[in-house]
Amino acid sequence: MVKLTGKKTQHRKGLAAIYRQEIIQEVTLFTSQSAAVFYDKLFSSLDFTLPKAATGRCGFPKEAMLCAFLVMKCEGFSQITDLADYLDNNRLIAHYCGFDIMKSLPSYWTYDRFLRQMDNSELKSVMADLVRQLYKLGIVDASFIGLDSTPIMANTKQNNPKSFVKDKFSKEAHPKCDPDCALGVHSASNQHNERRYEFYWGYKSHVLVDCISGLPLYEQTTPANIMDSTVAVDILAAADQTLSLHGCSFLADKGYDAKNIYNTVKSVYGGEAFIPLKKRRTKRDSLPAGNLICDAGLAMHKDGKTTDNGRTRQKFCCPFRQSKRGICPCDHKNWSNGKKNRGCVKYKTVPTDYRLSIDRTCLSFKRTYALRTECERYNSRFKASGQERLWVRNGNSVANLNTLAHISALAVALAAVLSGSHSYRAPKSFRRGA
């Protein structure tokens, strides 16, 4: 009886394999040939494993769920329902992801639970492995790196421009549906003569980009109220563990004009910083010779230097400081102070640190800084993957979706290189070539 049962079981498994093969052959009729070839090359180039849960039901493989979200980002879907419908109508692609198409596919709640419970560090490790593989192939390099952030709007009605909610961008009116988001502001126009700013509730995706290949090296998701310059040092330290940043050229906009960033790039990584100065004074307060101008419009005199908090400052005093018969034209409040040294006093920082010693007018600085536009191009491709506004309502899901979007960009590049294609920056170009 045991042998007969074993023969029946083997016979049934053989029939199931035959039926599955026939079903797959029939499924190919309902899937675009270019899409099938694209995802076949994409997933065949990936080799990763994710740790399984110690207890509980097995459920769907984590690797298959991750591949499903890569399909979501490659297709530019912003909602999970679009992903579920797409895989349900294209069972061949679901088979390439790693799902058993003889059974039911994951539901909306399965995908949503995966995003909420997935540890973002596991996705970061997958992204780091892809960066190392591309580095070995000579595609990714850390010679010229650029850091920039892009706004991610939260799924709340207060971000709807047609909403009539009163004081929707007030700090006291925090969205109840997403407690992890924060109030941020971003530039709504890149015109120099027309700068418009918009408030929003959401997050920021800080991305360190290779300015030669245009591919991401590291990313970090923060609430929207976090300043760009406060996370730059941490991002560089984390990216250095994946790929050595020694001798790099760091490119960033004025939002990263902070002294600690300059010193970190110079002293820790032995690189050069290409960051324009952020104007902190709008009116002209000094002469070509370097003397400051007082409130009355007169040239002030130098009066020694002072050093405090690691900086050296030149002191300037009133030209009528010790005059007994002079009169202050603007009647400054310190003029009639009853002291020997009268008049106003101003200080000017002496350019002894690395930040102020950079010549930003030379041709070398301008040509190198022009490479930073690759960050803008990558942010444009990042938003095209459906990341400009997300339809999840917690910080961990947002961070996981952002990391998955960057993983999809790296996976497409790796598959394109391994297949001999040069269209590794966008999935649509690689799909046309496939």
Query raised in the report: Residues of segment 227-257 being open to solvent by 30 Å² or more (accessible area, probe 1.4 Å), farther than 18 Å from R355 by Cα and aliphatic (A, V, I, L, M), which ones?
Result: M227, A237
Report summary line: Here the residues within segment 92-111 that are part of a helix (DSSP H, G or I) and either small (G, A, S) or over 20 Å from S408 (Cα atoms) (or both) are A94, Y108, W109, T110
Query - Answer from L123, L105 - the residue that is open to solvent by less than 70 Å² (accessible area, probe 1.4 Å), within 30 Å of D210 (Cα to Cα) and at pLDDT 90 or above - result: L123
Query raised in the report: What is the number of the single condition among (1) open to solvent by 20 Å² or more (accessible area, probe 1.4 Å); (2) touching a residue at least 40 places away in the same chain (Cβ under 8 Å) that S385 does not meet?
Result: (1)
Report summary line: Apart from one, (1) of a type outside the set (D, E); (2) in a loop (DSSP other than H, G, I, E, B); (3) loosely packed, with under 15 Cβ neighbours inside 10 Å all hold for F60; the odd one out is (3)
**Report entry** Pairs with Cβ under 8 Å, 6+ apart, first in segment 131-149 and farther than 17 Å from Y378 by Cα, second open to solvent by 40 Å² or more (accessible area, probe 1.4 Å) and of a type in the set (G, A, S)
**Finding:** S143/G247
Query raised in the report: Does segment 108-120 hold any residues that are touching a Lys or Arg at 6+ places or on another chain (Cβ under 9 Å) and open to solvent by 20 Å² or more (accessible area, probe 1.4 Å), and which are they?
Result: F114
Query raised in the report: Can you find a residue in segment 64-75 that is assigned to a helix (DSSP H, G or I), open to solvent by 60 Å² or more (accessible area, probe 1.4 Å) and at pLDDT 90 or above?
Result: no
Report summary line: Condition set of a type in the set (V, I, T) and at pLDDT 90 or above, scope segment 344-381, selection surrounded by the fewest Cβ atoms within 10 Å (Cβ to Cβ): answer is T373
Query raised in the report: For segment 391-434, which residues satisfy the criterion of being among the polar types (S, T, N, Q), crowded, with 20+ Cβ neighbours inside 10 Å and at pLDDT below 90?
Result: none
**Report entry** Leading residue by the ranking (least open to solvent (accessible area, probe 1.4 Å)) among those in segment 279-306 that are closer than 30 Å to Y256 by Cα, in contact with a strand residue (DSSP E or B) (Cβ under 6 Å, 6 or more places away or on another chain) and modelled with pLDDT of 75 or more
**Finding:** L292
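Just for segment 234-257: of the residues that are part of a helix (DSSP H, G or I) and touching a helix residue (DSSP H, G or I) at 6+ places or on another chain (Cβ under 7 Å), which one is farthest from L217 (Cα to Cα)? Spell out how you get there, then give the answer.
Of all residues in segment 234-257, those part of a helix (DSSP H, G or I) come to 234-242, 254-256.
Remaining after also requiring touching a helix residue (DSSP H, G or I) at 6+ places or on another chain (Cβ under 7 Å): 236, 242, 255-256.
Numbers: L236: 10, T242: 8, G255: 20, Y256: 18 Å.
Checking each candidate, the answer is G255.
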Report task. Output the residues belonging to segment 141-155 that are crowded, with 21+ Cβ neighbours inside 10 Å and acidic (D, E). Result -> D148
Report task. With respect to C344, determine if the residue is of a type outside the set (A, V, I, L, M) and touching a residue at least 60 places away in the same chain (Cβ under 8 Å). Result -> no
Query - Residue count, segment 87-101 (criterion: farther than 22 Å from L50 by Cα, touching a Phe, Trp or Tyr at 6+ places or on another chain (Cβ under 8 Å) and open to solvent by 40 Å² or more (accessible area, probe 1.4 Å)) - result: 2
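The values are calculated or read from the model by the stated rules, or taken from the named source; none is laboratory data. Since we're looking at a predicted model, the values are computed, not measured. In this analysis, Cβ positions are derived from the backbone assuming ideal geometry, glycine residues included, and neighbour counts consider all displayed protein chains. Remember, those area values only see protein heavy atoms, side chains included, never the ligands or the DNA or RNA. Shrake-Rupley method; radii C 1.70, N 1.55, O 1.52, S 1.80 Å.
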